[in-house]
Amino acid sequence: MNEVPDLQRFQELVEASAHRELTEAETAFIGRMGFQSQECRQWLETDAQTVTAALTEDPLRNVPAPSSLDWARLETGLRRAGALPDTKSRVQKPWPILSAAAAIVLCIGVVYAILRDGLSDAPAHSSEMVVEILDLPENDGSLIFDGGEDDDGVLMIVISNG
Amino acid sequence: MDVEQDDEDRLLVRCHLSGDANGFEQLYRRHRERIFAVLVRMLRNREDALDATQEVFIKIHRGLDSFDPSGRFLTWAYRIATNHAIDTIRRRKVRKETPIVEEAVGADADLRTGRRANPEAGSQLERGEVATMIARAVDELGEAHRMVFTLHCYEGLSYGEIAAVLGIPVGTVMSRLYHARRKVRDALPPDWDPGGPSRSRGRSQ
């Protein structure tokens, strides 16, 4: 008994929604009847079958997945924004640590040699100071400073571009 | 939509929030294709959709701490994607750009295979003509109608799910979908034959 007026009201409200903003009660009525009433539902989905069939013609129906290159480009942006972990820095991390460790060992060695051999008295024996440029192959770029020939120890600083 | 997958999503969100960077990375890998798919259909442009996917995942990453674990992650992600798509469409209107999809349709090509789509359906019109009509009709839908239409007809979301994604009443989803469908239907010739029985895809509950 009540179904036909409800269907009419349902149709009127859905049609009216194209032209004016519905009240909360009217929207709630559409939602309720759309679920409860078979007739309202059928009317609501009048064009569903035709449109669904037509959409098979839409080239965006089957979206081509992005290529691995596309994803890589996208992920570069995500890494830059800090959303994904930076794999590059993870790989490169050991090298700076290794070179820093090598530099520290070298510095300790130099300081230890200075303390042990007393480089501070070098000016007193400045005549003994010898700078030797070894006969190295051309363009080798190696240079050796010799602190002396006594047995107190020798500090050699080798500068090399090799 | 899968309850088990939803629980795994929530777990990954918790991992991320507890400081595990892999949590977000896994969420991204699970959902990136789905988010891309919904964006390409809303924006009707592949390149825009790729850029938008990146931006949406950055927004998801930044907003994960505001995700309510009592809800579904995918619904929340769809909401971010939809809002982003609406913003992009508005910006595009200002720039008065033409969706690139029309060029592809004009070339009569399926974007994935390079071939014409579904050679059996639609007996009276050339495939390319119908494709052009459909693409143009969807392009011309207003943003509110297009969002509802895309989520239902392409993504298969129910009325209730769309209401949750867009944060609007179910009644509004129903009326918008009705008008969107009618506009697309009206863009087709009256004598167009879909070429067979029901091929309904979208769910209705």
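The values are calculated or read from the model by the stated rules, or taken from the named source; none is laboratory data. Quick caveat: nothing in here was measured; it's all calculated off a predicted structure. Heads up, the Cβs are rebuilt from the backbone with ideal geometry, glycines too, and the neighbour counts pull from every protein chain shown. Protein only, heavy atoms only, side chains kept; ligands, DNA and RNA dropped before computing areas. Shrake-Rupley method; radii C 1.70, N 1.55, O 1.52, S 1.80 Å.
Please state which of the following conditions B:R41 fails to meet, knowing it meets all the rest: (1) open to solvent by 40 Å² or more (accessible area, probe 1.4 Å); (2) over 17 Å from A:E75 (Cα atoms).
Exception for B:R41: condition (1).
Which of the residues that make up the stretch A:41-76 are hydroxyl-bearing (S, T, Y), more than 7 Å from chain B (Cβ to nearest Cβ) and not in a loop (DSSP other than H, G, I, E, B)?
Result: A:S68, A:T76.
Can you pull out every residue in the stretch B:177-187 that is more than 8 Å from chain A (Cβ to nearest Cβ) and open to solvent by 10 Å² or more (accessible area, probe 1.4 Å)?
B:K183, B:D186, B:A187
Among the residues of the stretch A:41-57, which ones are in contact with a Lys or Arg (Cβ under 9 Å, 6 or more places away or on another chain) and either open to solvent by 20 Å² or more (accessible area, probe 1.4 Å) or over 24 Å from B:V138 (Cα atoms) (or both)?
Those that are in contact with a Lys or Arg (Cβ under 9 Å, 6 or more places away or on another chain) and either open to solvent by 20 Å² or more (accessible area, probe 1.4 Å) or over 24 Å from B:V138 (Cα atoms) (or both): A:E45, A:T46, A:D47, A:Q49, A:T50, A:T56.
If a residue must be free of Cβ contacts under 8 Å to residues at least 12 places away in the same chain and within 12 Å of another protein chain (Cβ to nearest Cβ), how many such residues does the stretch B:48-78 contain?
Here the count works out to 4.
Provide a single number: the residues in the stretch B:164-174 that are open to solvent by less than 10 Å² (accessible area, probe 1.4 Å) and either without any contact (Cβ under 8 Å) to a residue 40 or more places away in the chain or within 12 Å of chain A (Cβ to nearest Cβ) (or both).
Number satisfying all stated conditions: 3.
Would you mind telling me which numbered condition in (1) modelled with pLDDT under 95; (2) of a type in the set (A, V, I, L, M, F, W, C); (3) under 24 Å from A:S67 (Cα atoms); (4) buried (at least 21 other Cβ atoms within 10 Å of the Cβ) B:L111 fails?
Evaluating B:L111 over (1) modelled with pLDDT under 95; (2) of a type in the set (A, V, I, L, M, F, W, C); (3) under 24 Å from A:S67 (Cα atoms); (4) buried (at least 21 other Cβ atoms within 10 Å of the Cβ) leaves (4) as the failure.
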